[in-house]
Each structure stands twice: as structure tokens, then as C-alpha cells.
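Let me begin by presenting the structure, written as C-alpha cells, before commenting on it.
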Amino acid sequence: FEEDEQEDGLDAYGEQPATISTGLIELGGGGIPHFAHPQANRYLAARQLVSEQRYMLLHQLDEHERAEVALLIATMLDDPAPLYKALWNGGKPRIADLLTLGRCLRERAPAEPAWALRIAGALASLANEGPPAMRAHALRQLHACAPALNASLEAIAGAMAPFEQFLPRLFAALPPDLAVSCMLRLAYHPRVAEPFAWQLADRVIEFASAL
């Protein structure tokens, strides 16, 4: 982190409530009030990061807290792309952060449709080749992200050229049922160019033959 980020971190975790409210606030050592439920601190931390737009500070938190705060941030932003960029970590996200991205994608996807494709591809890779203990979790996240993936495919249907090399690799990595559903969606889409649509139709036939 930059030096100023190290010195000026997530103050929200130490924020003291101004008044005592039964159930929400309790007194700690020395009579100092603090929030009784950790979700209150998470909300304050999320609010601070959104206000300051310093999402890399999430990496100061342990993976559980980072995930919970990230999910709150995702619901606070109209376009959570800056949050996704911070968790994506230059294309090398931690496994825990990748799973968090999958959860965030279900809450609110960025305006740029490529994010859903990136995350789906990374989750598919984790489900196929990741640590055995994480594969089932990644697969569940991948299926849960299907609506966001479908919305992304719909968004790029009229401008497929930048994605025509990536998409076949993505579909090859996806579980067969999800891959076939995605390919059929594009193959029959009126805005997808005919040559690519036929390519997808051929792939669907290949998948069906292998089942």
C-alpha cells in the first residue's frame, strides 16, 4: 500500500457511537460504547471506503471481513467496477476474493459486461483445476452467477468481435449444461453475426455428442 493508506486506514472499525441504543450499542472496558453487532462496523467501513473511493484498503482486512464489507459496498454503488478492480488484483485474485467476486456479481454487476465474463472464466478455472476443497464451492458460485453471465452475453451480442476468441475458451471451461445454455442463447440471437452463430451451433452439437 501507499504510505498514506497505511497511516490512514479503516477508521470505521474504531468508530464510537454517539449515543447508547439498547440492543445495538453496549459498553466495553472503561465504559467506552461500541457496536454490539459486527455488521454495524462493516457498514461503517463500507460507507467510509465508498466515500473515500479507496477500495484497496479492503486488503487490510482478513478474508472473511473483506468479503462481508465488499458485499455491502457492491450494494452501495451504481457501478461497482472500482470494487471489482480492487478484488481482481491485477488479474491475480486470491481464491477467497474470487469467490467474493462471484457473490458480488450476484448482488450487482458492473456496467462493463466483460467483468461477468472474466469472473465466470476464473470461477470455471477454479472449479476445474483449483484446490480440490474449493472446486465444489467454485462450481456453486458459477451456477449462481448464470443470470449475470446471461445478461453480459446479451449486452455484447451486437459487438462480438472483441470476444470471439475468448468466448469459445470460456464455453469449453464451463460445466456442459451452462455452456450449452450460453451458446444456444448466442447462436439464436438476432444480433450475432451468422458465421459466429454457426460456429457456436457446431460446438453445441459437439457437446451433445459427448454427453
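The values are calculated or read from the model by the stated rules, or taken from the named source; none is laboratory data. Note that the coordinates shown come from a computational prediction; the quantities given were computed from them, not determined experimentally. When we count neighbours, we look across all protein chains shown, and the Cβ atoms used for this are built from the backbone with ideal geometry, even at glycine. These accessible areas exclude ligands, DNA and RNA; they are computed on the full protein's heavy atoms, side chains included. Shrake-Rupley method; radii C 1.70, N 1.55, O 1.52, S 1.80 Å.
Note on segment 99-116: residues that are of a type outside the set (A, V, I, L, M, F, W, C), in a helix (DSSP H, G or I) and within 26 Å of Ala157 (Cα to Cα) total 4. Contact list please: Cβ distance under 7 Å, first residue in segment 109-126 and in contact (Cβ under 8 Å) with a residue 40 or more places away in the chain, second residue assigned to a loop (DSSP other than H, G, I, E, B), pairs at least six apart or on different chains. As it stands, the answer is Ala120/Cys145; Ala124/Leu174, since those pairs meet every condition given. Within segment 149-174, the set of residues being closer than 19 Å to Ser125 by Cβ and open to solvent by 20 Å² or more (accessible area, probe 1.4 Å) comprises Phe163, Gln165, Phe166, Pro168, Arg169, Ala172, Ala173. When you look at Leu126, is it in a helix (DSSP H, G or I), over 21 Å from Ala74 (Cβ atoms), at pLDDT 95 or above and touching a helix residue (DSSP H, G or I) at 6+ places or on another chain (Cβ under 9 Å), yes or no? Judged against the criteria, Leu126 is not a match. Do we find that Leu105 is surrounded by 18 or more Cβ atoms within 10 Å (Cβ to Cβ) and closer than 24 Å to Ala138 by Cα in this structure? Spelling it out, Leu105 is indeed surrounded by 18 or more Cβ atoms within 10 Å (Cβ to Cβ) and closer than 24 Å to Ala138 by Cα. Scanning segment 175-208 for residues that are open to solvent by 90 Å² or more (accessible area, probe 1.4 Å) and not charged (D, E, K, R) yields Tyr188, Pro190, Pro195, Trp198, Ile205. Kindly provide the set of residues from segment 67-98 that are open to solvent by 10 Å² or more (accessible area, probe 1.4 Å), out of contact with any Asp or Glu (no Cβ under 7 Å at 6 or more places or on another chain), in a helix (DSSP H, G or I) and more than 22 Å from Ser125 (Cα to Cα), ordered by number. Scanning segment 67-98 gives Glu68, Leu72, Met76, Pro82. Taking the criterion of being in contact with a Ser or Thr (Cβ under 9 Å, 6 or more places away or on another chain), farther than 22 Å from Pro176 by Cβ and among the aliphatic types (A, V, I, L, M), the residues of segment 99-138 that qualify are Ala109, Ala114.
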